[in-house]
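The values are calculated or read from the model by the stated rules, or taken from the named source; none is laboratory data. Given the structure is predicted, the values throughout are model-derived calculations rather than measurements. Cβ coordinates were reconstructed from backbone atoms using ideal geometry, including for glycine residues, and neighbour counts include every protein chain displayed.
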Amino acid sequence: MKKLLSKISVFFLKLLLFILIITIAWVALYKFVNPPVTPLMLIRFFDKESGQRLIKADWKNYEDISNYMKIAVIASEDQQFPLHEGFDLRSIEEAIDGKLEGERLRGASTISQQTAKNIFLWPSRSWVRKGIEAYFTVLIEKIWGKKRILEVYLNVIETGDGIYGVDEAGEIYFGRSAKNLDEVDAALIAAILPDPRGMSAVKPSEYVLRRQQWIREQIGNLGGTSYLKNIE
């Protein structure tokens with residue numbers, strides 16, 4: 001019996017080591033190689049009826065994306081992005097406190113967490129997936145760094161029905177590349193990110209316009225694009 005338990009323990013230790021090596025190598029590869037597709041892209045693609053499938057995405061390097069677009073998503077999604085190590089503990093505590101007080105559970109995911117989920121995982125709300133997401137978040141923070149995380153995020157984030165990345169969004173919605181997006185356009189794209197298939201940047205609702213205005217105010221509160229100097 002002891003020999004059997006020992007063999008089982010050795011097997012699981014080897015399996016764990018194998019998984020660690022594979023996942024670390026996977027993350028390290030994407031530090032230098034742009035992800036060709038994400039699980040969400042494939043899920044959306046195969047959800048479509050035959051003849052209506054599309055994935056519109058055009059990768060742009062960090063330097064070829066407007067600073068207004070970078071600061072807009074930070075102001076909108078994760079204002080502590082340059083400062084935390086993958087997790088905004090204060091936002092997590094506030095979300096938990098709100099839930100305990102009977103409020104709907106608010107999202108507290110950072111840009112790092114969203115990027116880890118988009119690149120390596122499937123969309124779901126299970127605790128198992130959240131746990132794996134946390135693991136990948138730690139890896140990309142340590143291996144990629146903030147600049148690469150933000151670059152990947154801005155290129156793979158869903159920005160419309162079959163549309164991914166801020167460059168495609170800029171071209172389709174405003175006729176501008178990611179590099180030429182101004183603060184108004186960037187804030188409008190950021191405003192629809194919570195529901196990019198249900199909200200429109202072309203015909204924005206009053207709610208979207210209010211979000212756009214709020215994002216612009218937050219950009220000002222952060223000190224504008226100069227806040228990006230904290231990203232390395």
Using the structure shown, decide if Tyr173 is surrounded by fewer than 13 Cβ atoms within 10 Å (Cβ to Cβ) and part of a helix (DSSP H, G or I). no
Please determine whether any residue of the range 6-20 is modelled with pLDDT of 90 or more and not aliphatic (A, V, I, L, M). yes
Val73 passes all but one of the listed conditions (1) closer than 22 Å to Lys117 by Cβ; (2) surrounded by fewer than 14 Cβ atoms within 10 Å (Cβ to Cβ); the exception is number (2)
Could you grab me the full set of residues in the range 21-58 that are among the hydrophobic types (A, V, I, L, M, F, W, C), modelled with pLDDT of 95 or more, surrounded by 13 or more Cβ atoms within 10 Å (Cβ to Cβ) and under 30 Å from Lys179 (Cβ atoms)? Trp26, Val27, Ala28
Please list, ordered by first then second residue, the pairs with beta carbon atoms under 9 Å, 6 or more apart or interchain, first in the range 201-215 and closer than 15 Å to Gly160 by Cβ, second part of a helix (DSSP H, G or I) and among the aromatic types (Phe, Trp, Tyr). Ala201/Tyr173; Ala201/Phe174; Val202/Tyr173; Val202/Phe174
Filter the range 133-155 for residues that are among the β-branched types (Val, Ile, Thr) and without any contact (Cβ under 8 Å) to a residue 60 or more places away in the chain; which is farthest from Glu85 (Cα to Cα)? Ile149
Which residue out of Ala191, Ala201 is of a type in the set (Gly, Ala, Ser) and either in a helix (DSSP H, G or I) or under 16 Å from Leu54 (Cβ atoms) (or both)? Ala191
Name every residue in the range 108-128 that is within 20 Å of Ile22 (Cα to Cα), assigned to a loop (DSSP other than H, G, I, E, B) and within 12 Å of the chain's Cα centre (by Cα), in order of residue number. Leu121
Give the residues of the range 133-173 that are closer than 18 Å to Ser76 by Cα and β-branched (Val, Ile, Thr), sorted by residue number. Ile149, Val152, Val156, Ile157, Thr159, Val166
